[in-house]
Amino acid sequence: MKFSTKSEYGLRAIVHLDKNGENPVSLAMIAKEEGLSLAYLERLFAQLKKAELIRADLGAKGGYYLTRPAKEISVLEMIEALDGSVAPFSCADKGIHCNSKKCKIHPVWAKLYSQIRKTLGEISLAELI
């Protein structure tokens with residue numbers, strides 16, 4: 001299983017929001033410090049805003065903030081907001097295209113999915129800072 005650059009860049013970028021505490025952080029500053037495309041960050045932050053993990057204040061002194069303390073936001077929430085389900089196969093998540101009663105492999109994927117969710121759910125953004 002491989003996570004996309006959306007998750008990698010999103011995690012790298014969002015840790016900047018907690019580093020600055022209550023001060024708003026501009027995407028231009030994050031893009032410069034992380035060496036990332038501003039346009040790409042704008043798309044990522046739109047998804048994070050939709051997932052209600054961040055909020056934005058407009059204006060000259062505006063910027064982005066976390067909606068909750070970093071210790072209350074898990075890496076799992078971030079990844080799912082940007083990439084969707086972390087299931088290795090769709091049958092592990094929603095049982096799509098799966099006959100789990102007859103499938104001998106299903107328990108392996110279900111256990112793996114459960115462990116991935118558990119591990120990523122236990123890691124907070126605060127631990128990445």
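The values are calculated or read from the model by the stated rules, or taken from the named source; none is laboratory data. Computed from a predicted model, the values in this text were never measured in an experiment. Ideal geometry is used to build each Cβ from the backbone, glycine not excepted, and the neighbour counts take in all protein chains shown.
The residues of the stretch 48-74 that are surrounded by 14 or more Cβ atoms within 10 Å (Cβ to Cβ), free of Cβ contacts under 8 Å to residues at least 40 places away in the same chain and part of a helix (DSSP H, G or I), listed by number, are 48, 49. Please tell me if residue 120 is crowded, with 16+ Cβ neighbours inside 10 Å, within 23 Å of residue 29 (Cβ to Cβ) and modelled with pLDDT of 90 or more. Considered against the rule, which asks whether it is crowded, with 16+ Cβ neighbours inside 10 Å, within 23 Å of residue 29 (Cβ to Cβ) and modelled with pLDDT of 90 or more, residue 120 comes out as no.
Return the only residue of 88, 107 being modelled with pLDDT under 90, within 16 Å of residue 4 (Cα to Cα) and more than 12 Å from the chain's Cα centre (by Cα). It would help to see each step written out before you state the result.
On the way: 107 fails: within 16 Å of residue 4 (Cα to Cα).
Answer to the check: 88.
Pick out the one residue from 25, 15 that is within 14 Å of residue 124 (Cα to Cα), of a type in the set (A, V, I, L, M, F, W, C) and modelled with pLDDT under 90.
Values: 25 fails: within 14 Å of residue 124 (Cα to Cα).
Every option except 15 fails the conditions.
Of all positions in the stretch 75-84, none carries a residue that is within 19 Å of residue 127 (Cα to Cα), among the charged types (D, E, K, R), at pLDDT below 95 and touching a strand residue (DSSP E or B) at 6+ places or on another chain (Cβ under 8 Å).
What are the pairs, 6+ residues apart or on separate chains, where a residue within the stretch 8-34 that is more than 16 Å from residue 56 (Cβ to Cβ) has its Cβ under 7 Å from a residue that is among the aliphatic types (A, V, I, L, M) and modelled with pLDDT under 90? The qualifying pairs are 11/128; 15/128; 15/129; 19/129.
For the stretch 14-24, the count of residues that are under 12 Å from residue 66 (Cβ atoms), of a type outside the set (S, T, N, Q) and touching an Asp or Glu at 6+ places or on another chain (Cβ under 9 Å) is at least one.
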